[in-house]
């Protein structure tokens, strides 16, 4: 058996004063199976977001955690596995009110697990939509030495000898509704699309946030594009388990890594891969938790003018994450963006971020295109502003048809996605139409409703060029089409989107970054005078608490007005 290393500095437990509380802690831990020698070593929280067997992206995280814990113990630490829960956005989509609020709940649980138990460092395992940003947020808030082990991506499914993913299922629902696809055949597709062990293998929010984690330098290079069921990711887990002890010994912390430089890099990488619009509220939340004061939406807007889309991963294009990985993955994307990135930003390895990509190779330039010859000249995301989105709104430009730079249509107002879908299914679209879905935001939904079912129905029904959607809700990373979400201020907070009426015209200009309701200023003012914002009726104490404390999307929809820059851990 290899000799274990001795810690080079005192852990948090060792710095506790002698009293009833510290004596009780020691006695209880020894009773739980820890040795007295263990109590003198750094305790590393191995935070696993698994909770249950119905999270396909996290089915393998417990196995990866075992790889991590073995290496921590070899390196002289004491691993402590902790489960902080977490749910799959897709699985809970039928009741989406909890989808967004769970991100903040997981972040809080990470704080509670780390601080209440006096952890010295953290290894956080996560794969998917809310779990990855929550892991980064929890690390940034507690600012204990930390590293992420990302769950990677699931392998594509196979249907009729073609690779498929959840995105194919989503965009086939409209075909079934229109009798363009046999339901029995569709059910076979459903059965074969998802393979588990990692995030969905298209450019969903889970994959986007994994790529962002790597661009921030919070995980090891190549982790975001590794196959969840492969040997590579087990090796990365082992490396992370050994590295966390170095992070603790050298006192390298998340706020040394999550800086203005690294966040700017992450935004640029997100734009280049055509990432999910959800990054536009997850990255502000990460900045807030790191104690940074940054206008993330302005940076998205500024960088979107200069960063093109370098890869066409579904739903944006024809490739999947397996193609992306084989083309070189995230290190190759960063290599292609090399001239636009700050290569000196620090990473968990202690080396600058340029070490992640300086020797990377693009193995397939059709999948990862060079900067001078991009997949699309436009950036992956755009911030649109206008008289119904004065604070801004988000459009995934890489998800719209290349020739659709503008859209003007007659408004049809809905307060329910289900009613909007029924309207589609009744074949009532006779002219270019803009669906205005109001009261879908943080307060109105509450919890900001995902409108992926609607966008999927539009594409599946062949109406991608005739119907646009504007909403204060959000569109999943798997969404495609002219879908503008995150309109701020939201209608339930008095935002002008709530003033739209059936029959109005809405004009969208992607190149000029504009979105406007075509009525006079006087008419806008008249409508505002008589407008009463919607107040949701809730019977959930959890969601009631959420809407009372949640900040705006610009601030990442974090909760509470506490200045995170003043956060201090006990004994630190």
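At-a-glance table
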| quantity | calculated |
| --- | --- |
| Some residue of region 470-487 being at positive phi and in a strand (DSSP E or B) | yes |
| Of the criteria (1) touching a strand residue (DSSP E or B) at 6+ places or on another chain (Cβ under 9 Å); (2) closer than 25 Å to residue 389 by Cβ; (3) not in a loop (DSSP other than H, G, I, E, B), which one residue 503 fails | (3) |
| Hits in region 69-83 - residues which are without any contact (Cβ under 8 Å) to a residue 40 or more places away in the chain and touching a helix residue (DSSP H, G or I) at 6+ places or on another chain (Cβ under 8 Å) | 81, 82 |
| Matching residues, region 397-423, being in contact (Cβ under 8 Å) with a residue 60 or more places away in the chain and either closer than 27 Å to residue 536 by Cβ or outside the structural domain of residue 474 (by TED's automatic domain parsing) (or both) | 411, 412, 413, 415 |
| Near pairs, Cβ below 6 angstrom, 6+ apart or cross-chain, from region 52-68 (assigned by TED's automatic domain parsing to the domain that holds residue 81 and assigned to a loop (DSSP other than H, G, I, E, B)) to any residue that is at pLDDT 90 or above and buried (at least 18 other Cβ atoms within 10 Å of the Cβ) | 59/197; 60/197; 60/228 |
| Residue under evaluation residue 284, criteria (1) part of a loop (DSSP other than H, G, I, E, B); (2) within 15 Å of the chain's Cα centre (by Cα), criterion not met | (1) |
| Number of positions in region 157-171 that are assigned to a loop (DSSP other than H, G, I, E, B) and out of contact with any helix residue (DSSP H, G or I) (no Cβ under 7 Å at 6 or more places or on another chain) | 2 |
| Flag for residue 439 being modelled with pLDDT of 95 or more, closer than 15 Å to residue 491 by Cα and in a loop (DSSP other than H, G, I, E, B) | yes |
| Qualifying residue in region 508-519 (condition: surrounded by 14 or more Cβ atoms within 10 Å (Cβ to Cβ), within 25 Å of residue 287 (Cβ to Cβ), within 24 Å of the chain's Cα centre (by Cα) and in the same structural domain as residue 436 (by TED's automatic domain parsing)) | yes |
| Options 168, 89; residue that is surrounded by fewer than 24 Cβ atoms within 10 Å (Cβ to Cβ) and over 26 Å from residue 33 (Cβ atoms) | 168 |
| Answer residue from region 305-324, given it is buried (at least 21 other Cβ atoms within 10 Å of the Cβ) and part of a helix (DSSP H, G or I) and is farthest from the chain's Cα centre (by Cα) among those | 323 |
| So residue 267, is it touching a helix residue (DSSP H, G or I) at 6+ places or on another chain (Cβ under 8 Å) and more than 20 Å from residue 107 (Cα to Cα) | yes |
| Subset of region 82-109 [on the phi > 0 side of the Ramachandran plot and either part of a strand (DSSP E or B) or under 16 Å from the mean Cα position of the chain (by Cα) (or both)] | 86 |
| Hits in region 325-369 (condition: assigned to a strand (DSSP E or B) and touching a helix residue (DSSP H, G or I) at 6+ places or on another chain (Cβ under 6 Å)) | 346 |
| Members of region 535-551 found to be part of a loop (DSSP other than H, G, I, E, B) and buried (at least 18 other Cβ atoms within 10 Å of the Cβ), listed by number | none |
| Residue list for region 414-440, restricted to those being over 22 Å from residue 515 (Cβ atoms) and more than 29 Å from the chain's Cα centre (by Cα) | 422, 425, 426, 427, 428, 430 |
| From the options 456, 447, residue that is outside any loop (DSSP other than H, G, I, E, B), modelled with pLDDT under 95, under 30 Å from residue 558 (Cβ atoms) and out of contact with any strand residue (DSSP E or B) (no Cβ under 6 Å at 6 or more places or on another chain) | 456 |
| Qualifying residue in region 172-188 (condition: in contact with a helix residue (DSSP H, G or I) (Cβ under 7 Å, 6 or more places away or on another chain), within 27 Å of residue 101 (Cβ to Cβ) and outside the structural domain of residue 236 (by TED's automatic domain parsing)) | yes |
| Among the residues listed as 116, 146, 135, 155, the single one being within 15 Å of the chain's Cα centre (by Cα) and either farther than 13 Å from residue 47 by Cα or buried (at least 24 other Cβ atoms within 10 Å of the Cβ) (or both) | 135 |
| Condition check for residue 197: out of contact with any helix residue (DSSP H, G or I) (no Cβ under 9 Å at 6 or more places or on another chain) and not in a strand (DSSP E or B) | no |
| Any hit, region 1-13, residues being at pLDDT 90 or above, out of contact with any helix residue (DSSP H, G or I) (no Cβ under 6 Å at 6 or more places or on another chain) and more than 30 Å from residue 544 (Cα to Cα) | no |
| From 335, 363, 354, residue being without any contact (Cβ under 8 Å) to a residue 60 or more places away in the chain and crowded, with 18+ Cβ neighbours inside 10 Å | 335 |
| Exclusive hit being surrounded by fewer than 24 Cβ atoms within 10 Å (Cβ to Cβ) and modelled with pLDDT of 95 or more, set 296, 244, 258, 263 | 263 |
| Total residues in region 42-92, condition at pLDDT below 95 and over 19 Å from residue 151 (Cα atoms) | 1 |
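Per-residue answers, yes or no, for (1) part of a strand (DSSP E or B); (2) modelled with pLDDT of 95 or more:
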residue: 111; (1), (2): no, yes
residue: 123; (1), (2): yes, yes
residue: 139; (1), (2): no, yes
residue: 147; (1), (2): yes, yes
residue: 180; (1), (2): no, no
residue: 189; (1), (2): no, no
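The values are calculated or read from the model by the stated rules, or taken from the named source; none is laboratory data. These numbers come from a predicted model, not from an experiment. As a convention, Cβ positions derive from the backbone with ideal geometry for all residues, glycine included, and neighbour counts pool all protein chains shown.
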